[in-house]
């Protein structure tokens, strides 16, 4: 029961970090996003270790559960259900965040492409007008 409680608590922390991650993505704070991702990785490492400890119990879950008093079995069922819900919600949020980041990346690439085209056009106009090559525009500004 202690391992399941620990697992649930880790998933709760991971869910909070997923919410922070969403806020940073939508708020345009990439420098802090890396910190949140690093913290999420530390939690995932802890979840992996907890999962390894739970594995023997999961393999014999029916037998283990049958030996428990009914109130404790219900409590464990509730923990397992909460863990599954948390995990499902986190995965959905991560998928949405991935799509959002992908859209932002595409948007940024389009903006950079537009900027490059504008720069090339500016360079071409300047070259056609003779700027940058030591030539003047042919206008005598002193007589205006």
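The values are calculated or read from the model by the stated rules, or taken from the named source; none is laboratory data. From a predicted model like this one, the values you see are computed outputs, not experimental measurements. Using ideal geometry, Cβ is built from the backbone for each residue, glycine included, and neighbour counts are taken over all protein chains shown.
Determine whether residue 57 is more than 30 Å from residue 103 (Cα to Cα) and modelled with pLDDT under 90.
So residue 57 passes the test.
Tell me whether the range 127-142 contains one or more residues that are surrounded by 10 or more Cβ atoms within 10 Å (Cβ to Cβ), modelled with pLDDT under 85, part of a helix (DSSP H, G or I) and out of contact with any helix residue (DSSP H, G or I) (no Cβ under 7 Å at 6 or more places or on another chain).
yes
Suppose we filter the range 44-55 for residues that are farther than 15 Å from residue 94 by Cα and in contact with a helix residue (DSSP H, G or I) (Cβ under 9 Å, 6 or more places away or on another chain); how many remain? Lay out the reasoning, then the answer.
Narrowing the range 44-55 to residues farther than 15 Å from residue 94 by Cα: 45-55.
In the following step, the residues that additionally are in contact with a helix residue (DSSP H, G or I) (Cβ under 9 Å, 6 or more places away or on another chain) were identified as 46-47, 50-51, 53-54.
Count: 6.
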